[in-house]
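I'd like to ask you about the structure that follows.
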Ligand code: GRG
């Protein structure tokens, strides 16, 4: 299969859906809608919603019912980037190839735009649940799991341990906690949401969970490696900031070569977890390989 074309087609479907959801820049209050759209469009790779759609399809999910959840996951991710860049957190100037939200709109509006995207994510997903096209219990379970993965038992917990560990040398289990929570939990729940809403049985969910855990951690290890080896043009933000900020990363703790070895090992585990899907697992397999080799 042509993974580049696959990613392009899925990204287009997500972008078109997001375009309809987010108010126009001309709607009052314009400043809020401008700030919400600014970081969301043209956006990044859309890997979390694409994973949700691919997992939905691999277990036999049909139609567009997954799309509001896929978009919701992207809105949560985009809010986290806006807030992560704020002066109180990473104080970054550049994101998705352009100046960060607070640099353009000021801190207050960047915070509020992030809040609005996060809140809209849950409205969107619950509205779809209420429409009744999906099994409403599965929809509520998906929203429950997404809340836990984005909140204090997931992404926020990882972020807190990350900022509290800056400048200190942590052991591998703490670094793994940071990576699996800060980044891995939203990736894992994207895949599990696709599986759940697509009607996966227990064995399929278990396979998707093994796949999701492996690609989630591999994704952040690659991010750490790109901070060392990437360029501003490729990653859309300044490289070298993790090192300058004495962040705990895989290359800082284990070195570049060992980090790459562990990343490849995780990608191998992810691919192996897809065995039961046979040929149908090709999109998820290609996405895992792409995550291991990505340069942006
Ligand atoms: C509530 C003040 C406040 C802050 C919350 C939750 C949070 C801050 C930060 C989340 C942690 C975070 C941003 C982790 C980074 C994960 C990561 C690898 C981001 C880059 O993801 P890509 O490469 O980006 O998918 P694109 O731009 O392609 O979507």
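FYI, it's all coordinate maths here, none of it is from the lab. Given the structure is predicted, the values throughout are model-derived calculations rather than measurements. Neighbour counts run over all protein chains shown; Cβ positions are idealised from the backbone, glycine included.
In a GNM of the chain with a 10 Å cut-off on Cα contacts, which of 235, 21, 146 has the highest mean-square fluctuation?
The residue with the greatest mean-square fluctuation here is 21.
Separate question: Over the residues of the stretch 145-296, compute the C-alpha Rg and express it relative to 2.2 N^0.38 Å.
Output field value: 1.06.
Further question: If the convex hull of the alpha-carbon atoms of the stretch 145-194 is projected onto planes in all directions, what is the mean projected area in square nanometres?
3.1 nm²
Something else now. What's log10 of I(q)/I(0) for the stretch 1-131 at q = 0.15, 0.17, 0.22 Å⁻¹, Debye sum over Cα points only, no solvent?
Here log10 of I(q) over I(0) equals -0.72, -0.89, -1.30.
Got a sec? How would 177, 41 order by Cβ neighbour count within 10 Å, fewest to most?
If I rank by nearby Cβ atoms, fewest first, I get 41, 177.
A follow-up question, please. Enter the Cα centre distance for the pair the stretch 1-67 and the stretch 96-169, rounded to the nearest angstrom.
Taking the Cα centre of each part, the stretch 1-67 and the stretch 96-169 sit 15 Å apart.
OK, next. Among 243, 205, which comes first, second and so on when ranked by fewest other beta-carbon atoms within 10 Å?
Result, fewest neighbours first: 243, 205.
Set the Förster radius R0 to 30 Å, insert the Cβ-Cβ distance between residue 157 and residue 234 as r into 1/(1 + (r/R0)^6), and round the FRET efficiency to 0.05.
Result of the calculation: an efficiency of 0.50.
Let me ask another. Ranked by Cβ crowding within 10 angstrom, fewest neighbours first, how are 155, 36 ordered?
Fewest to most other Cβ atoms nearby, the residues stand as 155, 36.
Would you calculate, for the chain, the mean residue ellipticity at 222 nm contributed by helices, counting each DSSP H stretch of 4 or more residues as -39,500 (n - 2.57) and dividing by all residues, to the nearest 500?
Theoretical 222 nm ellipticity from helices: -22500 deg cm²/dmol.
Rg and Dmax in Å for the chain, alpha carbons only: what are they?
According to the Cα coordinates of the chain, Rg and Dmax are 18.3, 52 Å.
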